[in-house]
Structure formats: C-alpha cells, structure tokens
Amino acid sequence: MEKLTAVSFLFLTMTDKKSNRLNNIIKDLGSDDKSKVLTAIKQLRKHGNRMAILPLIELLNTSKDDEITADLIQLLYDLKDQAVVDDLITAIEDETYAPVKAVLISIFWQSKLDGSDYLNTFIQQAIHGDYATAIEVMTVIDNLDASFDEEEISNLRFDLDDALQYEEDEEKAKLLATIQRSLNELNIEYD
C-alpha cells in the first residue's frame, strides 16, 4: 500500500469534508423543519455542485410551501454550471416531474445555460406539453445562439406541422406556429 503524502492526505481530508458537508446539506433538504430546508437552499449557493441538482428538482416537485418553492426556483435560475444540463434534460423527459416541467425548461433561459444540443427535446415538450411548457420552450429557442443542422430543423418543422393539424387548443396551436417561425430564424448549417 502506498503511503499518502501530506498533500494527498490534506486533499482527501478536504474532499471528504466537502462531500460530508454537501451530503448533510442535501439531507437537510428533506427535513420537515422549514427553516432547515431554507438554510440548506441558502448553503447550496456556496457549497452546491451538480450532485445537488436532482434533490433540488425532487424538492421543487414535492414542496407545498410557497417560500421554499420560491427560494428553490431562484436558486435554480442562478445556476451557472453547464454540467447540470444533462440532469435537467433527464428530469424534463421524466413524467414524474410534469408538474414542474415549465419551470425546469425556463431554467435554461433564466440561467443562460446552453440547451442547443437538446432542441429536439424542447420541441417535443412544446408539442406534447401544456401551454405554459410551450411558452417556456419558445423563450428557450428565442435565446439559443448556436448553429443547427438543416435536416434537424426540417424534421422539427415537420413535427410541428403534424402537431398543428391535431392541436385542439387554439391558443396553443398559435403558440406552436410561433415556435415554428422561430425555428426559421435559427442559424442553420447547410451541407
């Protein structure tokens, strides 16, 4: 067995302390004590990382307290770590989180996270989701600053054409048509 150098030992000790701190904060998110939960949310601003995103989403989905929900949403809107994008997309695609889907999608434009790799996911959420979800998708698309493959955009336009034929809600149909026009304004890479 290799001997640990003083630096290695110090790093492992610090990592363990950080890990324990984060685990304790995440544990407090599940507390029945409202003040503990609010403190945990506040502590995640300083000590949080990607490991906390799923517990935060779970709490957002289950919380019945308006103050906790508001603090959670504000924290999520302040995310800056691009590493959470995959976790957000996973939650968006999971019907367990349907009640908070619009909020989860809005995190992308509120936090300026790059969701351009998931344009198809956003469009499908607009098509199959409710009006609020479609509004958030439209805002995400309006804030995208990337180039997209011509074929991908063409396929998404086709999906929206198909959805427009079957959408019964007149307001949502108008919104889907607006999303379709927004696709035309995206930067397209031609082969």
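Amide H to amide H, which residues 5 or more places from Asp149 or on other chains are under 5 Å from it, using H placed in the peptide plane?
Those lying under 5 Å, H to H, from Asp149 are Glu189.
Where the Cα atoms of region 101-191 are projected onto their three principal axes, how long is each span, largest first, in whole Å?
The Cα atoms of region 101-191 stretch 35, 30, 16 Å along their principal axes.
Among [x] -0.43, -0.51, -0.98; [y] -0.57, -0.65, -1.05; [z] -0.50, -0.58, -0.94, which one is log10 I(q)/I(0) by the Debye sum over Cα atoms at q = 0.09, 0.10, 0.16 Å⁻¹ computed from these coordinates?
[x]
How would Val137, Val84 line up from fewest to most surrounding beta-carbon atoms within 10 angstrom?
With the fewest neighbours first, Val137, Val84 line up as Val84, Val137.
Counting each DSSP H run of 4 or more residues in the chain as -39500 (n - 2.57), what helix-only mean residue ellipticity at 222 nm follows after dividing by all residues, to the nearest 500 deg cm²/dmol?
The helix-only estimate for the chain comes to -22000 deg cm²/dmol at 222 nm.
Just to check I understand the Karplus step: with θ = phi - 60° and J = 6.51 cos²θ - 1.76 cosθ + 1.60, what whole-Hz values come out for region 179-188, glycine and proline as x?
My calculation for region 179-188 gives 4, 4, 5, 5, 4, 5, 8, 6, 6, 10 Hz in order.
If packing is taken as the average count of other Cβ atoms within 10 Å, what order do 145-155, 32-42 fall into, highest mean first?
32-42, 145-155
Read the figures in this text as sums done on the coordinates, not as results from a lab. Just so you know, these numbers come straight off a predicted model, no measurement behind them. Note that each Cβ is placed from the backbone with ideal geometry, even for glycine, and that neighbours are counted across all protein chains shown.
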